[in-house]
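Derivation of every value follows stated rules applied to the coordinates shown; laboratory data play no part. Note that the coordinates shown come from a computational prediction; the quantities given were computed from them, not determined experimentally. Here the Cβ is made from the backbone with ideal geometry for all residues, glycine too, and neighbour counts use every protein chain on show.
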Amino acid sequence: MAQFDVFKNRNTSTRKIYPLLLDVQHPVLDSLSTRIVIPLARTRTHPSLSMEVLAPVVQFDEEIFVLMTPQISAIPARSLQEPVGSLAECRTEIIAALDFAFTGY
């Protein structure tokens, strides 16, 4: 798995709200049985959470999503199948959101 790969959310209880998951874990930790992910929500689902730094808006597959950084979590790596794409081009915004969540800067 590559950092910033995007996966379909296979969890039936959350995939309607968060259809995609962004893998933010660095490959140096590939031996772990879990992956750190940030859910992606469609902007029409959570428009008030479109905070510029903490929850940036990104485009993926011709749709607009909000990076739900406050919802970051670890999930079993086996629950992620084949990636459906990547948000590597949004690396700066993703790292800024993580930095803001952990440091406040």
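Here are some notes:
- Flag if L40 is touching a residue at least 60 places away in the same chain (Cβ under 8 Å) and assigned to a strand (DSSP E or B): no
- Criterion violated by V53 - all others in (1) surrounded by 14 or more Cβ atoms within 10 Å (Cβ to Cβ); (2) within 23 Å of Y105 (Cβ to Cβ); (3) of a type outside the set (D, E, K, R) satisfied: (1)
- Selected residue [out of contact with any Gly (no Cβ under 7 Å at 6 or more places or on another chain) and part of a strand (DSSP E or B)] from A74, A2, A55: A74
- Among the candidates L21, L29, L54, L67, residue that is more than 19 Å from F102 (Cβ to Cβ) and of a type in the set (A, V, I, L, M, F, W, C): L21
- Residue pairs meeting the criteria (Cβ under 9 Å; at least 6 apart or on separate chains; first in contact (Cβ under 8 Å) with a residue 40 or more places away in the chain, in the stretch 3-27; second in a loop (DSSP other than H, G, I, E, B) and of a type in the set (S, T, Y)): N11/Y18; Y18/T45
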